[in-house]
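What follows draws every value from the coordinates through simple rules; no lab data is involved. Please read all numbers here as calculations on a predicted model, not as lab measurements. A quick note on method: Cβ atoms are made from the backbone with ideal geometry, for glycine too, and the neighbour counts reach across all protein chains shown.
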């Protein structure tokens, strides 16, 4: 699970240096588990420039599907923001569907502020060696051509595969349909060595059957084409990643403020198989 944005998540030389092996899907895809994870959000830090005095919230992430049918993600991100002068409620609701085999991806996001719809983005994308073609249907119909990129589940496969192989740092370009759905971002991913939960790690107990399972500490930094990787990232996310795709102990750094997300509840869902009905 990779979250880039809150409330709504020129580097040709760099990209040409990326390893083709790093960007390719592994021959045997990791076995991502169908699950619903609920995270409690808290403000960890905020600069004066942010105008934020307090923030709490909840994030719900549901992942279902299979390699032969594609993967569906339902995501909701609700926050209550205290600016000192007012309290604002934001609510982002996103649904995506990704077929790694055909490299097709659909996305729909609705963003609300104080229960009023203030943004809706909907579209579809397909990826090939020539690049990503994006067809946006909302809020206005338009088409965009982007350079070749990975979609979110494909990138998750890559992170897990590199972690298994002991490759600690790699770079990619990702398109996830967030914001206005019209750009991809460069990512730099750092994967730590496999660890097991320490004594006193209360959050690990929320992982149920995986409470004692090993995980990798992962940090992903996101950059746009205007700045490239020579400047500070526009967003950074750190988390503990299990081999089955479950994440916990999130830290989301938006620059002017930082949020933490602690796993509050984990439900393992009925797995999709090739004999089951498609997820969409």
**Request:** Take 136, 234 and order them by how many other Cβ atoms sit within 10 Å, fewest up front.
**Result:** 234, 136
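Order by neighbour count: 173, 58, fewest other Cβ atoms within 10 Å first, most last.
With the sparsest Cβ surroundings first, the list reads 58, 173.
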**Message:** What would the Debye equation give as log₁₀ I(q)/I(0) for the range 81-167 at q = 0.20 Å⁻¹, counting only Cα atoms as equal point scatterers?
**Reply:** -0.95
**Rotationally averaged projected area of the range 132-280 (alpha carbon convex hull; nm²)** = 11.7 nm²
**Asked** Mean shadow of the range 224-272, computed from the convex hull of its alpha carbons, in nm²?
**Response** 5.5 nm²
**Complete:** Proxy exposure order for 89, 41 (fewest C-beta within 10 Å first) is 89, 41
**Message:** Going by Cα centres, the range 220-256 and the range 164-214 are how many Å apart?
**Reply:** 9 Å
